[in-house]
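The values are calculated or read from the model by the stated rules, or taken from the named source; none is laboratory data. These numbers come from a predicted model, not from an experiment. A quick note on method: Cβ atoms are made from the backbone with ideal geometry, for glycine too, and the neighbour counts reach across all protein chains shown. Ligands, DNA and RNA are excluded from the accessible area calculation, which covers all protein heavy atoms including side chains. Shrake-Rupley method; radii C 1.70, N 1.55, O 1.52, S 1.80 Å.
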Amino acid sequence: MNDIGIETISLEMRRGVIVLAVLNLLQEEQYGYSVLRLLAENGLDVDQGTLYPLLRRLESQGLLESNWRVEEARPRRYYTISPLGRQVLPKLQKEWDAIVSAVQNISMIGR
Amino acid sequence: MELLDKYIAQVGENLPRKDREDILKEIRSILEDTLESRSQAEGHPLDEKMVVSVLKEFGSPSKVAASYLPPRYLIGPRLYPTFIMLTKIILGIVLLVGIVTLSVSLFQQTLTIETGIEFILKKVLEIIGSLLSVFGNIVFVFACIEWALSLAKPEDEQTWDPTSLKNETDIDTVKPLSQVPDIVLTIFSLIVLNLFGHQIGAYFNDAAGQPVFIPALSAEFFRYLPLINLIWVLGLVLSIALIRAGKWQPWTRWFKIGLDALSITLLVSMVSGRSIVTDAADKLMAMGPTGSQIAGIYTGVGYGMKALLIVLIIVTAIDAVQGIIQMVKRK
């Protein structure tokens, strides 16, 4: 498989976990660019074309809340996890732990 | 920052009016944050080169706008196989009719090589025009169905029970895709008969060798056309109602029975009345021996159509009786 193929699979894998990462991160209020930066600083490079529309979609699904504030003479939209998001997050986290554990077990079979 | 303003304005051109202002405000805020961060990282004030680099990373305005929109299809994956199948069938019929008409016309004309080439080229262009026009109509109809299906209530995955599969063959269940061929063929027939009905026919040479157009459908047929249109439009309404509900309901069953009764009334009146195929015997007889042969073909087609209408009466009556039996079973 060529590099482009591997990159596509890698991108799809990241897309799968980005919701969980964002919900975890937004337990503290953040604005769009700071979410992107914090994800990158913690080792999860996400395409900005994926992240910013995703924040809006999660808000429309009721998992996030947002408000506009003017800081440093510039309006910024701040996102934070909603009460519904707080209910959903532990379930998603549990699901993620189960997936990681299952993939580790499966990878042991192949060795 | 003029470049940034132009970029944001172009993103806005590709966004729906409803959310445009809010999305653009957010994109501007994000871009300004990104530029500020880049300026700090590179240790020098913001310049145009930096703006160009950041905008290139963000992507073209149309790509950025598309990422904020839900996936939209003119003809989506659900309908695409049916679209391809029906397109092949309908365009195949149009092409076949075009080739037969061209062959008959060629046989009838006395042509030199030059006029023959000119005549064939003209006819081929007409066939290509018809194919493109029909293809456009099919795409339009499917796009309307795609839109209607997008409004239909999706199947509820939470309440779906695998044991209900045995009821899937239930006489009341209607699969949305099962209605699509009906809808497409009805709309196609409505367009053809209402817009091109008078142009269905063929050219024949008269005694002087001049081409004369003999229409296939008689004036009698066009007297029935408003009622045919009404029945087909009501049929479309029924198909759309069935797609939306996903099943037969008492009112749709009665509606179908009523529609069948109306269709039978129309068909009986068409069978007992004058022929719906043109009676051009006088015109054709004047063309000599070939004309009288063609007149015979027209009369034969007229009888054939009456036979076909009788078959349709029987099929529609069976359909209506089945509908009544199913209503009785339900009770």
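In terms of distances greater than 32 angstrom between alpha carbons, the cross-link table entries B:18/B:247; B:256/B:306; B:122/B:306 yield B:18/B:247; B:122/B:306. Site-free segments of chain B were taken between GluC sites (Glu not before Pro) in DSSP loops having at most 14 other Cβ atoms within 10 Å, sites themselves excluded; the longest one is B:169-331. In a DSSP loop and with at most 13 other Cβ atoms within 10 Å, the GluC sites (Glu not before Pro) in the range A:1-85 are A:28, A:72.
In chain B, a dipole from Cβ-located charges (positive for Lys and Arg, negative for Asp and Glu) runs towards its positive end, and of B:298, B:14, B:241 it is B:298 whose Cα lies farthest in that direction.
For chain A, a crude dipole built from +1 on the beta carbon of Lys and Arg and -1 on the beta carbon of Asp and Glu, taken about the Cα centre, is about 280 debye to the nearest 20. Helix B:289-330: angle to the longest alpha-carbon principal axis of chain B, degrees 0 to 90, nearest 10? The helix B:289-330 is inclined about 60 degrees to chain B.
Going by a ≥ b ≥ c, the root eigenvalues of the Cα gyration tensor, does chain B fall in the rounded group (a/c under 1.5), the prolate group (a/b larger than b/c) or the oblate group? Oblate shape, in that a/c is at least 1.5 and b/c is the bigger or equal ratio.
Is the C-alpha gyration tensor of chain A telling us rounded, prolate or oblate? Criteria: a/c under 1.5 is rounded; beyond that, a/b larger than b/c is prolate, otherwise oblate. Oblate.
Comparing mean-square fluctuations of B:320, B:295, B:41 from a GNM of chain B with C-alpha springs under 10 Å, the top value falls on B:41.
Find the centroid of the Cα atoms in the range B:39-76 and in the range B:83-114, then give the distance between the two in whole Å. About 51 Å separates the Cα centre of the range B:39-76 from the one of the range B:83-114.
Over chain B, what relative contact order in percent results from Cα pairs under 8 Å that are six or more residues apart?
Details: 250 pairs, mean separation 45.8, N = 331.
In percent, rounded to a whole number, it is 14.
Across the range A:42-52, rounded Karplus estimates of 3J(HN,Hα) from the backbone phi angles (6.51 cos²θ - 1.76 cosθ + 1.60, θ = phi - 60°) give 9, x, 10, 6, 10, 5, 4, x, 8, 5, 5 Hz, Gly and Pro being marked x. When B:248, A:96 are compared by accessible area at a 1.4 angstrom probe, the order from most to least is A:96, B:248. Coupling constants for the range B:196-204 follow from the phi torsions by the Karplus curve (6.51 cos²θ - 1.76 cosθ + 1.60, θ = phi - 60°), and in residue order they are 10, x, 6, 9, 7, x, 8, 8, 10 Hz; glycine and proline get x.
Evaluate the charge dipole of the protein assembly as shown about its Cα centre and quote only its size in Debye, nearest 20, assuming +1 on the Cβ of each Lys and Arg and -1 on the Cβ of each Asp and Glu.
Values: 42 positive and 46 negative charges, 310 e Å.
Roughly 1480 debye, rounded to the nearest 20.
First check a/c for the protein assembly as shown, with a ≥ b ≥ c the square roots of the eigenvalues of its C-alpha gyration tensor; if it is under 1.5, answer rounded, and if not, answer prolate when a/b is larger than b/c or oblate otherwise. Could the numbers behind the result be given before it?
Working: a/c = 3.15, a/b = 1.93, b/c = 1.63.
Prolate shape, in that a/c is at least 1.5 and a/b is the bigger ratio.
The residue among B:46, B:34, B:89 whose Cα reaches farthest toward the positive pole of the charge dipole of the range B:1-157, with charges on the beta-carbon of Lys, Arg, Asp and Glu, is B:89.
Within 13 Å, Cβ to Cβ, of residue B:11, how many net charges do the neighbouring residues add up to if Lys/Arg are +1 and Asp/Glu are -1?
Working: positive: B:6, B:20, B:25, B:28, B:63; negative: B:5, B:13, B:19, B:21, B:22, B:26.
Around residue B:11, the charge tally is -1.
Take peptide A:48-60, look around each residue's Cβ out to 10 angstrom, count Cβ atoms belonging to other protein chains, and average those counts. Could the numbers behind the result be given before it?
Numbers: counts 9, 8, 1, 2, 8, 9, 1, 2, 6, 2, 0, 0, 1.
Counting Cβ atoms of other protein chains within 10 Å of each residue's Cβ and averaging gives 4.
Modelled spin labels at residue B:200 and residue B:14, positioned 7 Å past Cα toward Cβ, are 4.5 nm from each other. Taking every residue in A:30-38 and counting other chain Cβ atoms within 10 Å of its Cβ, the average works out to 3.
Chains A and B together bury roughly 1500 Å² of accessible surface, counting both sides and using a 1.4 Å probe on protein heavy atoms.
Taking the charge dipole of the range B:180-257 about its Cα centre, with +1 at Lys and Arg Cβ atoms and -1 at Asp and Glu Cβ atoms, the residue from B:189, B:226, B:257 reaching farthest to the positive side is B:257. The mean number of partner chain beta-carbon atoms within 10 angstrom of a residue's beta-carbon across peptide B:21-34 is 5.
Under a Cβ-only charge scheme (Lys and Arg +1, Asp and Glu -1), can you give me the dipole magnitude of chain B about the Cα centre, in debye to the nearest 20? All intermediate terms of the calculation are to be shown ahead of the outcome.
On the way: 29 positive and 32 negative charges, 264 e Å.
Result for chain B is approximately 1260 debye, rounded to the nearest 20.
Got a number for carbon plus sulfur as a percent of the range A:3-109's accessible area, 1.4 Å probe? Answer for the range A:3-109 is 57 percent, counting heavy atoms of protein chains only.
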